[in-house]
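The values are calculated or read from the model by the stated rules, or taken from the named source; none is laboratory data. All of these numbers come straight from a predicted model, not from anything done at the bench. Reconstructed Cβ throughout: ideal geometry from the backbone, glycine too, with neighbour counts over all protein chains shown.
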Amino acid sequence: MAHLVRSSKTFYGGVHPAEYKGASEHLPIEILPLPHKVVLPLSQHLGAPSAPCVKVSDTVKTGQKIADAAGFISVPLHASITGTVTAIGAFPHPNGRRMEAIVIEGNGTDEKEPAMSMHDPLSLDNSPLKQAVIAAGIVGLGGAAFPTHVKLSPPKEKTLDLLIINGCECEPYLTCDNRIMIEQADRIVEGIRLLKKILCLKKAVVGIENNKPEAAQSLAKASAADPEISVIVIKTKYPQGGEKQLIKSLTGREVPPPPALPMDAGVVVHNVATCIAVRDAVVDGTPCYQRVLTVSGDAIATPKNLLVRNGTLLSDIIAFCGGTAPNLKKVVIGGPMMGIAAVTIDVPVLKATSGLLFLSEKCAISYAESSCIRCGSCVRACPMGLAPSTLCGLVKKRRWDSLKEEGALECIECGSCAYSCPARIPLVQYIKIGKAELNARARKK
Amino acid sequence: MPEPEKSEPIALLAVGPSPHLARSDDTQRIMLSVVIALVPAIAASIVFFGFDSIRVLALTIAACVVFEKVFLKLFKNEGRIDDWSAVVTGILLAFNLPASSPWWLILTGSLVAMLLGKHIYGGLGHNPFNPALIARIFLLISWPTCMTSFPKTRFMADGISSATPLGILKTDGLAKLQASLGGSPFNLALGNVPGSLGEISALAIFIGALYLFYKGYIRWHIPAAFIGTVFAFTGIFYLAQPETYASPVFHVFAGGLFLGAFFMATDMVTTPITSAGMLLFGFGCGLITSVIRLWGGYPEGVAFSILIMNAFTPLIDRYVKPARFGKIKSRKP
C-alpha cells in the first residue's frame, strides 16, 4: 500500500468558503496557564449527562473522576485542575442554556491523580485497552462529542474492514488538528495503532485535505513503520470532514440513511485529536481533561493554538490572547459553519470545543432573510443530496409527513445550504427545527 | 442549590444560527449580473435600431421599476426595490417588443408584467411564469399588428416595416425566405434582420450569457437541451424534405431562440432546481418551439414553449429529485 497518496475522489455537493486559516496555521501549540477556576458541565457529550460523584467542598486532584457515566451512551467526567469543588449547579453552557455543572476553584498546584500506565499496550488483550478508554471519558474531539467507546464496541453482526482517521479539519479558521498532526504525529500514530488493536482491524487510512501538506507529510513520516496505515490527501471542500462524506471520499462507500451507522459500511471513523486522547488514556492513564483548540478571528489580539484544560472560561482564554477588539460583535464556539454563537463569555470550553472565534462587525454580518428565488444553489451544495429549499418550505407549512419523506432526518446540519443561499435564508436552521419536531413526534408514538 | 454566578456582560454579543459565514453573492448581485450580461444585446439593439431602441428600453425599464414600487407598497410586500429584479424584467420585456412600439403598448406591457406576471402571486420568487413573457403574450394576442410589424434595421435597404424571417417562412414559404435572407447566414447570426428589439443578435446574446456561465448564475443544461432539441427536431425534417423545411441552422439562429434559451428559460424562479429537471425543461421547450414553428399558427414558438414549460416546473420538481446520499448500495466488506 502506497503511503502518502493523493486522491481526487470526493463526495457530491459541498461548498468552498474562504479558509481564514492563515492567522493561526503556522503557530505552534502554546499551553494556557492553569486557570483559577473551571466550570465542568455534566453534559459535554451526546447521551445521558454524567452523574456527580463528588460534593461541594471536596478537594480534588487533576485527573480525578468527579462524575460517573450514566449509562452506555455516556462518559465519566474528570477534574481538570487541582483544588476544591465550590459549587454544583446550573451555569451558562455554550449551547446558550444553563446546564448542571461542577465548579472547581484551583489552589494553584497541579497535583495529578495517580494514574495506571501500561507498558507495551499493543501486546495486551483488547479488553483492558477498551476499559482504559471508557474510564478516561473520551468523546469524539472533532466536535460531535459522541462517546468514543461506543464506536469501539461494534455489535457482533457488523463486520468492519477499515479504520478511518479524520484529519480533514474542513471548518474555516480552525487549525488545531493541523498543529497536532504537525507537532504530535507520533502520538497520533500510537493512538491509531491502539484503535486498530481495539477494533481488531488491520488497515487504517488517514484522510487529510490538500490545504495541509505539512500535516500530511508529518503523519506519513510518523506512520512509515506501519505498512497498514496510509495517508490519503483529498480535495479541500467543506464538509470533507463530515463522517459520511469522508467515508465516501476515501472508500467510495455510502453509509445508508439513518438509523444506519458508518459500521454498516464496514468502517469506523475517529478524529486525529481523539487518537491522541486514546493514546494518553491507554499509555499514560491520563483521562480526557485537556485539548488543543484554535483561538482566531479578526477581533482577538493574538490568534493562537492553545492547549487548554476542560472547563476553562472563555474570559481566561481571551485574557491570555491579549484581549478582544472594541468592535467585537460575535463569539463563535466551534467552527464558523457549525459552531454556536455565544451569549456570554462566561461559558466554559468543553471536551469537544475545537475553536473560539472572535468576530468583528465586519465579519459577523447578520442578514435579512428574503424570498427564495429558486436558484437551486442549496440543492447543489447539499452533500446529502437533499433539496434544502423544499425542506424549508415544508417546515414553514408544517407538513411533517412530507418533511420526513423528503429526507429531513438525513440532514447532517453542515450548513452548506444556508452558506450558499443568495436570499440569506437560514435553511439549515429551519431544517433543524423540522428535525426536532419529527423526533419529538417519533418519541410520542 | 447554590446561587448561580452573576454574569456581567461586557458587551452585547450578536447571536444567530450557524453558519456564521455566507457566500458573497446575494439576490441583488445575481440580478445585477443579469443586467450586465444583457448589455451586449442592448448595445446590438442600439446599433441596429438607433434611438428607437433607447426610447423603448428606457421607457420599459422606468415603467417596470415604478410599477414594482407601487405594487410592493400596495400589497405590503417586504421585497426590496433595489434588488434589480424589476430592471431585469424591464429589459427582457423591451427585448420582446418591436423598436416601433408606441408608448401605451409599453406601459400596458409593463403593467401586465409586474401585476399579472409577478405581484399577483406575491412578488419575487413566487411567480410561476416568466413575467416578461406573460406581458409579451398578452400584448401579442391583444394587439397582434403592433406586435408583429417590425422596422427594418438601419443597415437594410429601405426603412419600411417588414416581417421577421420566421414570419416570411410561415406565410410565404421557404423560397421567399431564402430570397429575403440574400443567401447570407451571417446577417441572421449578427442580427441584421427584422425582429423585436433584443432577440435579433444571437451573437450579442451569447456573449452576455458567457458572463453568466462564468459567474455560475446560469447553467448549461437548459440552453443546451433547448437549442439542441430545436436543432435535432428541425434537422430531422430538413433532412427528410429539404425543399419544404428550413435548415436547422436557420431555426437555431432565427427568432427569439437565443434570447429565450439563455435569458428567459434560465430564469431561476420559474424553472426546475435540479440538473435533470433542467434538461427535461429544456427538452420540452425545444420540442414545443419546433412544433409551433413547423406546424403552428404562429411563426414563432419560443415564448409559448417557455410559458408552457413554466407550468410544468412544479411537477418536474416534484418527480425529478436530487440523488439522495446513501441510496447507492455499499460494498459489503
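Structural remarks
- Any hit, region A:425-435, residues being surrounded by fewer than 19 Cβ atoms within 10 Å (Cβ to Cβ), more than 29 Å from the chain's Cα centre (by Cα) and over 23 Å from A:Pro262 (Cα atoms): no
- One residue stands out among those in region A:360-397 that are touching an Asp or Glu at 6+ places or on another chain (Cβ under 8 Å), at pLDDT 95 or above and not in a helix (DSSP H, G or I): the one that is nearest to A:Lys21 (Cα to Cα), which is A:Met384.
- Filter result (of a type outside the set (A, V, I, L, M, F, W, C) and assigned to a helix (DSSP H, G or I)) within region A:398-410: A:Asp401, A:Ser402, A:Lys404, A:Glu405, A:Glu410
- Search result, residues across region B:275-297 that are surrounded by 21 or more Cβ atoms within 10 Å (Cβ to Cβ) and of a type in the set (Ser, Thr, Tyr): B:Thr289, B:Ser290
- If you go through region B:134-149 and keep only what is more than 20 Å from the chain's Cα centre (by Cα) and either among the charged types (D, E, K, R) or not in a helix (DSSP H, G or I) (or both), you end up with B:Trp143, B:Ser149.
- Scope region A:348-397; condition away from chain B (no Cβ under 11 Å) and touching a helix residue (DSSP H, G or I) at 6+ places or on another chain (Cβ under 8 Å); matching residues: A:Pro348, A:Val349, A:Ser354, A:Gly355, A:Leu356, A:Leu391, A:Cys392, A:Leu394, A:Val395, A:Lys396
- Those strands (runs of 3 or more DSSP E) lying entirely in region A:224-299 with at least 3 residues touching a Ser or Thr at 6+ places or on another chain (Cβ under 6 Å): A:229-234, A:290-296
- Test: A:Val231 is surrounded by 24 or more Cβ atoms within 10 Å (Cβ to Cβ) and either free of Cβ contacts under 8 Å to residues at least 40 places away in the same chain or away from every other protein chain (no Cβ under 14 Å) (or both): yes
- Inclusion of A:Ala90 among residues that are within 14 Å of chain B (Cβ to nearest Cβ) and either crowded, with 17+ Cβ neighbours inside 10 Å or not charged (D, E, K, R) (or both) is warranted.
- Of all residues making up region A:257-295, the number that are within 12 Å of chain B (Cβ to nearest Cβ) and either buried (at least 24 other Cβ atoms within 10 Å of the Cβ) or closer than 15 Å to A:Leu160 by Cα (or both): 9
- Checked against the criteria, B:Phe325 counts as buried (at least 17 other Cβ atoms within 10 Å of the Cβ), free of Cβ contacts under 8 Å to residues at least 40 places away in the same chain, within 14 Å of chain A (Cβ to nearest Cβ) and touching a Pro at 6+ places or on another chain (Cβ under 9 Å).
- Restricting attention to region B:272-284, the residues being under 16 Å from A:Val379 (Cα atoms) and either within 11 Å of the chain's Cα centre (by Cα) or of a type outside the set (Ser, Thr, Tyr) (or both) number 6.
- Count - residues of region B:22-46 that are more than 12 Å from every other protein chain (Cβ to nearest Cβ), in a helix (DSSP H, G or I) and hydrophobic (A, V, I, L, M, F, W, C): 9
- Search result, residues across region A:167-206 that are surrounded by fewer than 24 Cβ atoms within 10 Å (Cβ to Cβ) and among the polar types (S, T, N, Q): A:Gln184
- Residues located in region B:204-249, provided they are hydrophobic (A, V, I, L, M, F, W, C), farther than 16 Å from B:Leu287 by Cβ and part of a helix (DSSP H, G or I): B:Ala204, B:Ile205, B:Phe206, B:Ile207, B:Ala209, B:Leu210, B:Leu212, B:Phe213, B:Leu239, B:Ala240, B:Val249
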